[in-house]
Structure formats: C-alpha cells, structure tokens
Amino acid sequence: MDVKTVLSMVGGTGDTSYVNNSETQKLAISNSKHVVEDSIQDLYCTSYPESLNIADLGCSSGPNTLLVIRGIIDAIHERCCQLCRPMPEFRVFLNDLPGNDFNTIFRSLAGFYDTLKEEKGLPLGTCFISGVPGSFYRRLFPRNCLDFVHSSYSLHWLSQIPQGLEDEMGESLNKANIYMAESSPPPVFKAYLEQFQKDFSLFLKLRSEEMTSKGRMVLTLIGRRTEEPSSGESRFGWDLLAQELNKMVSKGVIQKAKLDSFDLPYYSPSAKELKDVIAAEGSFSLEQLQITKITVNTNDKKAKGQLVSKCIRAVTESMLVNHFGEEIIDDLFEKFAKNVEDHPSKEKLNQVNFTFSMTKKV
Ligand SMILES: C[S@@+](CC[C@H](N)C(=O)[O-])C[C@H]1O[C@@H](n2cnc3c(N)ncnc32)[C@H](O)[C@@H]1O
C-alpha cells in the first residue's frame, strides 16, 4: 500500500464522514489546549513579532481543523489585549495528504473569518489560511519560515507499512493480525518500532529545517503507557477489527492470504521511545510532556459500539477499501460495532495520548 496516496479520512459531511465521527480527536485537542496556549504565548512574548507563520500538520477536514487555529488566535489575542499590543498577522498553513477533503475546509473559511470579526473584532486580513497538500515525511515549506508547528492525532500514522513483516520467502510473519498483537512474533514488534523511529526522526529533522530559530512545536499522538509493545490498551480496537476480518475469512468472504498481507501503517509509541528519538535526532529540546487518557464514556452498550465503530471506520476505510474492496465495509463495521458492544473489556476503552511541546535548539 502506498500510504501517502491511499490514506485519507472519510470526506464529505455524511453519516460515516470524519467530520461527523471525530469526537475522540476533538477531546484530544481540548485536553492539549493549555499546552498549545502556553507554547504559542511564550513564543509570541519572546519577540512580539508582527506576523506568525503557523502550520497544522495532518489537519484533516471538519470542525477540529479550525478549532485548533481558533485556539491559537484566541491565545495570542488574549496576550495582546493584556499587553495593549496590536495583533500580529497570522499565516496559517493547513497540511494533509493530497487525498484529504480540503474543499470542505475551504468552504468553511468565509464563516471562520466572519466569526473572528464578530467575536473578537479582528478585521479581515488578520489571518490568511491556505492548504498545503503533501506528506509531512518530506519537506513541505521553505527553510526558516515556520514559527509554530502543531499536529494532533496524525503522527501515529507511519510513512509506510514497516519493512520486515515478511520472511525471506515473502510469507507474512504477522498472519491474521493487522497490527502488533499478542500472537505477533518478535520481528514484527522490531519492524514496527524501527519504522516509527525512522519516520519520527525524519519528521523532526525536516521540521527543524523549516522552522525559525527558537520556533515551537506541539504534537499530540496516541501513545502506550507501558514499555511493553504488545500491551492491550494501545491496540484494543485493532484486535477487534482483526477478529472481524478473520471471521470473514472463515466465511469465505475474504481470502486468508489477503488478510495475512494486510498490516496497518500505524504505531503508538511509549513515552520513552518518543523521548529517545527526540534526544537522538537532537534538533529540539523537550519542554513539556503531558499524558492524558480518553475514555469512551457511556453506559449505553449499543451507543458505545456504534461510536467506536464509526470512529474507526472514518479513519481506516480508505485503507480497507484499497486492500479488500468496498463490498465488505458496511458489514464489517456493523459486526465490529456489535463486537465492541459485547466485548467483556468494553469498560476499558481507553486511549492514552501524549502531548509534548518542544523548542527548536539554536
Ligand atoms: C485522525 S486524523 C486527525 C486530524 C485532525 N488533526 C484532528 O485532530 O481531528 C489524522 C490525519 O493525519 C493525516 N496524515 C497521516 N499521515 C500523514 C502524512 N504523512 N502527511 C500529512 N498528513 C498525514 C491523515 O490524512 C489524517 O487526515
């Protein structure tokens, strides 16, 4: 699978769209809000620049995209009011892969600018938003141009499916699994970790080239609380999705070889793994690391099943359709919802998030 051309959240505004199924990601944004505010206000107060260049990487489309930008503008506005300073101009670059539904974002911009004017008295021309399609695993911006980089719920997506998930004969080592699982052999864990280290290190290097000296970056991603790579918490949804795909194999709906050759380009690192890459790459100092937990909070089993199923569908549908075809999708996610509903550890639908703020070293 060529991740950069296949991966995209379900576009549009329909029932299965990312726009309507991104509550978990919204919670993550709200949990990291104060880290973003502290970081951007610190940055502003070091030199009171007349303009700020800001990038949101892996912005997707929907309410979350502009929520982050609004939070950043509000934080600077608050500081400017306190200090009786004029507002700087904002150049905001929204980045995602080319398959992202940028049109939905662009259609909402006029309303966004109107709201800034109505609610904050900020005239048109305070903020200039543009889209930047492309993978954040390559250079996206000229050198020394970004003051602040933000990314939420995107960096656990790898640039590619890890190499090393097959033996010398080309046989899958991760048969019947779609991610690291309890039954995965050690080379699978190694391959996933190495791909993450390579990707994250490259990401930091590229951003350090694009950012101004002392530029700030705040990143949020799904993490693992323990060092144990197979810890259940970080892969609960993937295990249940794999179970449903295996049932489809038993029923002859999909071929076994097809499932054996499917692996997700995803990795949720531990805090130590993250810190180790930041230290080894060397371009950024880690200022703050916040660990939060998101729990699906409803006692209604059916609603919980639906919520988790729709959320995972909005994120994975493009990859599943690319590999297995469109025909299986509705049935797969109906059964998946039922599986979540009936699962004995349904109370433990927790997701651990890491938010870390960094400053570019001079
Ligand atoms: C779950 S969405 C998160 C979107 C948004 N930040 C939010 O919090 O709602 C992850 C986004 O990261 C994007 N993404 C994944 N890999 C990427 C890459 N290499 N370059 C740019 N965007 C990427 C996906 O296309 C997707 O839109």
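Please treat every number below as a calculation from the coordinates, not as lab data. Not measured: the values here are computed from a predicted model. Because the Cβ atoms are built from the backbone with ideal geometry, glycine has one as well, and the counts that use them run over all protein chains shown.
Figures for the structure shown
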| read-out | value |
| --- | --- |
| Distance between modelled label sites at residue 80 and residue 138, nm, 7 Å Cα→Cβ extension | 3.6 |
| Values of log10 I(q)/I(0), in the order q = 0.22, 0.26 Å⁻¹, for segment 245-320 under a Debye, Cα-only, solvent-free model | -1.07, -1.18 |
| Gain in span if fully extended, residue 286 to residue 107, counting 0.36 nm per residue against the direct Cα distance | 60.8 nm |
| Relative contact order computed over segment 3-360 (Cα-Cα under 8 Å; 6+ residues apart), in percent | 22 |
| 0 to 90° range, to nearest 10: angle between helix 301-324 axis and the chain longest Cα axis | 90 |
| Alpha carbon convex hull of segment 63-136, projected area averaged over orientations, nm² | 5.1 |
| Angle between the chain longest axis and helix 102-120 axis [Cα atoms, degrees, rounded to 10] | 40 |
| Between helix 329-342 and the chain: long-axis angle, C-alpha atoms, 0 to 90°, nearest 10 | 90 |
| Computed over segment 24-99: relative contact order in percent, which uses C-alpha pairs under 8 Å that are six or more apart | 46 |
| Loop GluC sites (Glu not before Pro), segment 1-102 (other Cβ atoms within 10 Å of the site Cβ: 16 or fewer; DSSP) | 50 |
| Alpha-carbon Rg with Dmax, taken over segment 3-360, Å | 20.8, 69 |
| Footprinting exposure proxy for 45, 59, 84 (fewest neighbouring C-beta atoms within 10 Å first) | 84, 45, 59 |
| Whole-Å distance, taken between Cα centres, linking segment 212-227 and segment 13-56 | 13 |
| For segment 150-210 and segment 280-350, distance of Cα centres in Å | 19 |
| Loop GluC sites (Glu not before Pro), segment 126-178, which have at most 13 other Cβ atoms in a 10 Å radius of their Cβ (DSSP) | 168, 171 |
| Residue with peak Gaussian network fluctuation, the chain [Cα springs, cutoff 10 Å], from 223, 125, 58 | 125 |
| Within segment 1-25: backbone nitrogen closer than 19 Å to the residue 329 label point (7 Å, Cα to C-beta) | 1-23 |
| Rounded, prolate or oblate (a/c below 1.5 giving rounded, otherwise prolate when a/b exceeds b/c) for segment 267-309 by Cα gyration tensor | prolate |
| Pairwise label distance in nanometres, residue 46 with residue 247, each label 7 Å out on the Cα-Cβ vector | 5.3 |
| Per DSSP, loop GluC sites (Glu not before Pro) in segment 179-216 with at most 16 further Cβ within 10 Å | 182 |
| DSSP bridge pairs, the chain: antiparallel proportion in percent, nearest 5 | 45 |
| Estimated FRET transfer efficiency (residue 338, residue 13; beta-carbon r; R0 30 Å; 0.05) | 0.70 |
| Residue-averaged 222 nm ellipticity for the chain, from DSSP H runs of 4+ at -39500 (n - 2.57), nearest 500 | -15000 deg cm²/dmol |
